[in-house]
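Student: Following this message is one structure expressed as structure tokens.
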Amino acid sequence: MLKLLTRTTHLRSEDNLRCGHEVHAAPGSGSVRDGEAGRRTDAESSSQHLEALQKLAVTLEDQKGVLDNLKEQKQNVVQHLNLDDKELVKEQISYFEQRWSQMQNLIERKVQDSVVTLDDMRQVEARLREARDWAEEQQPALSEAMKMSPPPELAQSFLFDHLSICSELEVKQLLLAQAMADADRVLPRLGLSERQHLQQLISDTQMEVESLSVKVVQRRKHLSKAFTERTQFLMAVSQSIFWVQQNEKKAQAEEYFALLPDDLSKQVRTCRNIQSSLKAYQSELTSLWSQGRDLMREASEEERNEILTKLQELQNIFDRTLHRCGQKLQELEKILVSRKYFKNDLEKICQWLKQADIVTFPEINLMVSDSELQAQLLKYQQIIEQAVEYENLLLTVQRAGQEVLPTLNEVDHCFLDEKLNSLPQQYNSILALAKEKQEKIQQAILTRNEYTSFIDVTHKALKELEEQFNNLATQLVGLQTEEVVSLQSDYKAILVDLSCLGLAVGELNQKKEGFRSTGQPWRPEEMTQLVSLYNGLKRLVEQKVEHLDETLESFEDHKAMAMQVDSELKATKEQLVKVNAETQSAEERLKNYHTLAGSLQSADSHLSRLMEQMDTLAPRVDQAAHDASKEQVILWQEELRSLQAAVGELIEECENRFIQSKDLETEMKRTLDWLQHIRDELDCAVIVDVRVEKVQEEIRKQQILQEEVQSRLRIVAALSSREKHEYSSANEFVPAHVDTNLEEMAKLQADVQKALTAKQITLEEALMLCQKYHFRMQSACEWLEDAVSFLQQASLGVDVENYEECLRQQADIMSTEQEFIIHLEDLQTLLPQLESLVNPAAKEQLRLSVESAKQRGAEVRDQLQCHQDVLQTCVVQWKSFQESRQTVIELMNEAEKKLTEFSTAKAATNQEAEDKLGSHRSLVSLVNGFQDKLSGLEEQAAQLELVGSDASKATISRSMTTVWQRWTRLRSVARGQERVLEDTAQEWRTFREKMVKVRGVSDELQSRFPDSAVEKASKATLQSLLDQHDLLSQDLERELSSLTLLRQYALSLLHDVEVPPSPTADQEELPSLKEIRAVQDQMESLLTQSRTKRAQAAQELREREEVEKELSVVKSWIQETRELLLNPTSDIDSLLQELEA
């Protein structure tokens, strides 16, 4: 703890010591305290001060580890300190961090201030040096000019040259004053060395400029002295007139006005400069008038008139020129204002057309989401809304442009006329394109909304039908067929509605394929869910309708059985009443009673079957209806038992009467004969009909016969008992023949009973075999019917879109095929068993039926297997077709996405145009390559159409048509864009050819530039130089005009080209325009040099002519003087005085 406190105290002391004495460590080493800011100006060098600050910043950053180590030590020891020491340590660490941050911020701020100060100093130095260098350049020429006096005829030109120097001197003095003001602002922030250097530079510059100013004033006095004589004065006036006329020509030289405000501003500046020169010359004009008046005082009348006439002429020309120049300047300024408004309007409409073209030029991308499509629509709507406003602006520009056209030169006139003609075409084209694409997007959005709404409405309708189905599924019906028919009607109504919705689902599938083919969102999850819901619900409803058909058939069988039981009971009762009412013999009555007993037994078996049916139908019917039906059956059972008991009593009563009315011998003989006859009949083979009803009828007859046998035997037994009782009562033996007959009857009874039992067993076995045969045959036929129905439906073609449903139906049929085979095997087994029980005709019919079922089953199974193979092949082909089609669609999506990204065909350079064209041609090749893929897809579609249904054929055909149409559209768009890019590339090639030609011409003109010196050239050479320079200037001016047209051509190529963002982003920085500007600068420089050289040659030629004139004057004067000296006269004194003067 003590060590930490000592460390922190030591650091604080070091910090305080460094903050207080760092400024004395080294000269300009960088003070870091605010109080040291004022001492910085005492440093020897600001640059050294900046370097010291930067070093101090680096050192401070390097020493930051001390503070980090201190913080780590604090973390290690603070847990061992008490609260006061903890607070002390935290306070000191916080203080060090705060001081460290303050030092960093202060040093950074000082570094930035020093950098800004040095930059300001350099700018001031540059301007001061410029002024000083210019003054130094002017000193030698001015000093040389002051050594000699100009001849009178050249004094005026020297004067005008001197006026230009005076004007430049005034400008430099203003710049010097501004530089000195900036220097005064910078000096307090500089170090000693920089401050002294800058003060010395200011002093030197001031001395140079003041020295030049003194010499300019002296030169002016020398030039003014040249005008003291009348001849020189008149010459000066003539020179002034010529100068004013030249300025007038300059002011009125340009017949046409420039189109662009910048160019027109140059015209305004030129005219204003001329006006300023004229106004500046007013003082010289006043001086001339003063000198003229001084000369006119001592001159003759003729000389005064001459001087006055010259001065009046000069004044009139000057006033006229100044007035015309003022008018021209006002006109130019007025036109400049209108040009600025016109340029702003023109740029505004061009900028809008440019932005609108950028928006409307690209192809619409329909593969995006609804929100992005809505955003595209909003852009087109904004363009259409803005079009009304900009139409008015376009009309305004058109009217203003027509007014401007007559005032333009040929080049500007052609440019503006072409622009005015093209703007309405661009506007109409863009507006029509925007409306077309707006309608296209609106239609796409509407189609999507309809598709979405169609899905939602269809799904909602299916859900409602599903709810109806679920509600109907909970309903139970009674045993009335009407209720079943009503329920079935409800299900059929749902099936009809589903059929209608099936059309909607099919239409949705068509729309879905259309969306998929064009790459648009098609809501696959919703469509899959919708189709699955539709197919599942349709299958359930169809199964329910079939189930209700079976239920209805069962109900009808049950109803028929109940009616049959009821009718049998009623008929039995009626017959019983009828038999009781009729007068019949005991034998006939007994026979009728046995017949009624057989009918009741048949009704009993029917009641048993009715109860079995009720148990089977119990899950399908309402409980109340089932209970009511069961009660009815119970009532019938009770009624049946009652009838059976009544008939039994009547039979017993009839048998008793029969016994009382018959004797034993007669009845025994008749019974033996009857039993013998019955036995003979029973000994015959049992031959039955294959129909179950006939076998059941035979069984019922057999049962009635059994009852009759028993009844007759009971009668005989009763008669024999009575006979034996009579013999016993009479104490007589029973006759032997009676016992013999009884024994014979007992033996016959046993044979008949055995035969009856055997026949009963045979009939029951025959019944079971017939029922089993009919059940197996019916099941086999039902399977065949279902299979044939399926095959008939399949013969119409495979519904490839619902191949899953087709596979399910095929699987359902094939899953029950084994049951059909089992049924056939059972029938084959039953056939030998039935052959011994049925007649030959029925036997042959059974064999033919089984063979027919077997043969038909084999054919149907072969057809099913064939169809299964076809279906599986079709499914494989359909999946392959879908995958191939999806691959083609995805490739088209990528290609269309690239085509929609084609926003402009413009390029900034020739290479960029060629690169764009090359890249797009590869895209065109890709789009053209889709034809082979589509042809292969067409072959797959043709294979599918061979096995597909009509609906599938239509679906496949529509899908292929959609894909082909999309490919045709993509190919058309790609080729159109390729043509646009080819046109752009060709335009750039033409530009490059023209540019190469212009460069060649420029080099050729450069090589034609005469380089002869004018000082030593002969007069003929000088005249030749003038002609060469005139011809060269004409060619240069012509080429510059051509270059202006080439620049306009380049600007048309660069229309809509986006300038890359940069600090100096400007269209003029594009390579083509920079190249044109370079050639233009080269030609203009060459033209300037040519004009300068021509002026020098012309000046040299004029000077030589003037010298020749002066020489001729001197020669004539020498000749006249020689003659006077050789021939003195009385006027010699006056001549000498004139010569001395």
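Here is a yes/no grid of residues against (1) exposed (fewer than 13 other Cβ atoms within 10 Å of the Cβ); (2) under 20 Å from Gln206 (Cβ atoms); (3) within 53 Å of the chain's Cα centre (by Cα):
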| residue | (1), (2), (3) |
| --- | --- |
| Trp100 | no, no, no |
| Lys110 | no, no, no |
| Ser114 | no, no, no |
| Met121 | no, yes, no |
| Glu125 | no, yes, no |
| Arg129 | no, yes, no |
| Arg132 | no, yes, no |
| Glu137 | yes, yes, no |
| Leu142 | no, yes, no |
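Student: Take Gln425 and tell me if it is out of contact with any helix residue (DSSP H, G or I) (no Cβ under 7 Å at 6 or more places or on another chain), polar (S, T, N, Q) and either within 28 Å of Gln520 (Cα to Cα) or assigned to a helix (DSSP H, G or I) (or both).
Tutor: yes
Student: Restricting segment 853-875 to residues that are surrounded by 12 or more Cβ atoms within 10 Å (Cβ to Cβ) and of a type in the set (S, T, N, Q), which is nearest to Gln940 (Cα to Cα)?
Tutor: Thr873
Student: Here is a further query. Could you check Gly502 against (1) assigned to a helix (DSSP H, G or I); (2) closer than 30 Å to Met614 by Cβ and say which number it fails?
Tutor: For Gly502, the failing item is (2).
Student: For Ala236, work out the one condition from (1) out of contact with any helix residue (DSSP H, G or I) (no Cβ under 6 Å at 6 or more places or on another chain); (2) assigned to a helix (DSSP H, G or I); (3) at pLDDT below 80 it doesn't fulfil.
Tutor: The single condition Ala236 does not satisfy is (1).
Student: Can you tell which of Tyr256, Tyr281 is of a type in the set (Phe, Trp, Tyr), under 18 Å from Asn409 (Cα atoms) and either open to solvent by 20 Å² or more (accessible area, probe 1.4 Å) or assigned to a helix (DSSP H, G or I) (or both)?
Tutor: It is Tyr256.
Student: Next question. Looking at Phe242 and the list (1) open to solvent by 50 Å² or more (accessible area, probe 1.4 Å); (2) modelled with pLDDT under 80; (3) closer than 30 Å to Gln327 by Cβ; (4) over 60 Å from the mean Cα position of the chain (by Cα), which single condition is not satisfied?
Tutor: (2)
Student: Picking from Glu883, Glu894, which residue would you name as being within 30 Å of Leu796 (Cα to Cα), surrounded by fewer than 19 Cβ atoms within 10 Å (Cβ to Cβ), among the acidic types (Asp, Glu) and free of Cβ contacts under 8 Å to residues at least 40 places away in the same chain?
Tutor: Answer to the selection: Glu883.
Student: Return the only residue of Glu347, Glu303, Glu363, Glu333 being in a loop (DSSP other than H, G, I, E, B) and open to solvent by 40 Å² or more (accessible area, probe 1.4 Å). Before you say what the answer is, go through the steps one by one.
Tutor: Details: Glu347 fails: in a loop (DSSP other than H, G, I, E, B); Glu303 fails: in a loop (DSSP other than H, G, I, E, B); Glu333 fails: in a loop (DSSP other than H, G, I, E, B).
The unique qualifying residue is Glu363.
Student: Return the only residue of Phe318, Phe342 being aromatic (Phe, Trp, Tyr), farther than 30 Å from Glu901 by Cα, within 60 Å of the chain's Cα centre (by Cα) and surrounded by 18 or more Cβ atoms within 10 Å (Cβ to Cβ).
Tutor: Criteria check complete, one pass: Phe342.
Student: Counting only residues that are open to solvent by less than 70 Å² (accessible area, probe 1.4 Å) and over 56 Å from the mean Cα position of the chain (by Cα), which one in segment 778-794 is modelled with the highest pLDDT?
Tutor: Among residues in segment 778-794 that are open to solvent by less than 70 Å² (accessible area, probe 1.4 Å) and over 56 Å from the mean Cα position of the chain (by Cα), the one modelled with the highest pLDDT is Cys781.
Student: Under 8 Å between Cβ atoms, at least 6 apart or on separate chains: pull out the pairs that start in segment 368-384 with a residue that is in contact (Cβ under 8 Å) with a residue 24 or more places away in the chain and end on any residue that is outside any helix (DSSP H, G or I) and of a type in the set (Val, Ile, Thr).
Tutor: Once the first residue is in contact (Cβ under 8 Å) with a residue 24 or more places away in the chain and sits in segment 368-384, its partners that are outside any helix (DSSP H, G or I) and of a type in the set (Val, Ile, Thr) give Gln376/Ile364; Gln376/Val368.
Student: Could you say whether any residue in segment 802-810 is open to solvent by less than 60 Å² (accessible area, probe 1.4 Å), aliphatic (A, V, I, L, M), touching a residue at least 24 places away in the same chain (Cβ under 8 Å) and in contact with a helix residue (DSSP H, G or I) (Cβ under 9 Å, 6 or more places away or on another chain)?
Tutor: Scanning segment 802-810, I find no residue that is open to solvent by less than 60 Å² (accessible area, probe 1.4 Å), aliphatic (A, V, I, L, M), touching a residue at least 24 places away in the same chain (Cβ under 8 Å) and in contact with a helix residue (DSSP H, G or I) (Cβ under 9 Å, 6 or more places away or on another chain), so the answer is no.
Student: Of the residues Leu548, Leu540, which single one is part of a helix (DSSP H, G or I), in contact with a Phe, Trp or Tyr (Cβ under 9 Å, 6 or more places away or on another chain) and open to solvent by 80 Å² or more (accessible area, probe 1.4 Å)?
Tutor: Sole residue among the options that is part of a helix (DSSP H, G or I), in contact with a Phe, Trp or Tyr (Cβ under 9 Å, 6 or more places away or on another chain) and open to solvent by 80 Å² or more (accessible area, probe 1.4 Å): Leu540.
Here's the yes/no breakdown for (1) within 15 Å of Val980 (Cβ to Cβ); (2) of a type in the set (Phe, Trp, Tyr); (3) modelled with pLDDT under 85; (4) open to solvent by 70 Å² or more (accessible area, probe 1.4 Å):
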residue: Gln877; (1), (2), (3), (4): no, no, no, no
residue: Val888; (1), (2), (3), (4): no, no, no, no
residue: Phe902; (1), (2), (3), (4): yes, yes, yes, no
residue: Asn910; (1), (2), (3), (4): no, no, yes, no
residue: His920; (1), (2), (3), (4): yes, no, yes, no
residue: Val924; (1), (2), (3), (4): yes, no, no, no
residue: Asn928; (1), (2), (3), (4): no, no, no, no
residue: Ser935; (1), (2), (3), (4): no, no, no, no
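Student: Now for a separate question. Determine if segment 731-739 includes at least one residue that is β-branched (Val, Ile, Thr) and modelled with pLDDT under 75. Full working, then the answer.
Tutor: Filtering segment 731-739 down to residues β-branched (Val, Ile, Thr) leaves 734, 738.
Next, from what is left, pick out any that are modelled with pLDDT under 75: 734, 738.
Scanning segment 731-739, I find at least one residue that is β-branched (Val, Ile, Thr) and modelled with pLDDT under 75, so the answer is yes.
Student: If you don't mind, another one. Name the residue, out of Leu106, Leu70, Leu83, that is of a type outside the set (Phe, Trp, Tyr) and touching an Asp or Glu at 6+ places or on another chain (Cβ under 9 Å).
Tutor: It is Leu106.
Student: Can you find, within segment 473-490, the residue that is modelled with the highest pLDDT among those that are crowded, with 16+ Cβ neighbours inside 10 Å and touching an Asp or Glu at 6+ places or on another chain (Cβ under 7 Å)?
Tutor: Across segment 473-490, the extreme among qualifying residues is Thr481.
Student: State whether the residues of segment 706-722 include one that is within 27 Å of Val647 (Cβ to Cβ), open to solvent by 60 Å² or more (accessible area, probe 1.4 Å), at pLDDT 75 or above and part of a helix (DSSP H, G or I).
Tutor: Yes, segment 706-722 has at least one match.
Student: Out of contact with any Asp or Glu (no Cβ under 7 Å at 6 or more places or on another chain) and at pLDDT 50 or above: is that true of Glu61 in this structure?
Tutor: Spelling it out, Glu61 is indeed out of contact with any Asp or Glu (no Cβ under 7 Å at 6 or more places or on another chain) and at pLDDT 50 or above.
Student: Taking the options Leu1025, Leu1005, name whichever one is at pLDDT 80 or above, under 19 Å from Arg1091 (Cβ atoms), more than 56 Å from the chain's Cα centre (by Cα) and open to solvent by less than 50 Å² (accessible area, probe 1.4 Å). Explain how you work it out, then say what you get.
Tutor: Working: Leu1005 fails: more than 56 Å from the chain's Cα centre (by Cα).
After applying the criteria, what remains is Leu1025.
The values are calculated or read from the model by the stated rules, or taken from the named source; none is laboratory data. Here the structure is a predicted model, which is why all the values come from computation and not from measurement. Reconstructed Cβ throughout: ideal geometry from the backbone, glycine too, with neighbour counts over all protein chains shown. Heavy atoms of the whole protein, side chains included, go into the accessibility calculation; ligands, DNA and RNA do not. Shrake-Rupley method; radii C 1.70, N 1.55, O 1.52, S 1.80 Å.
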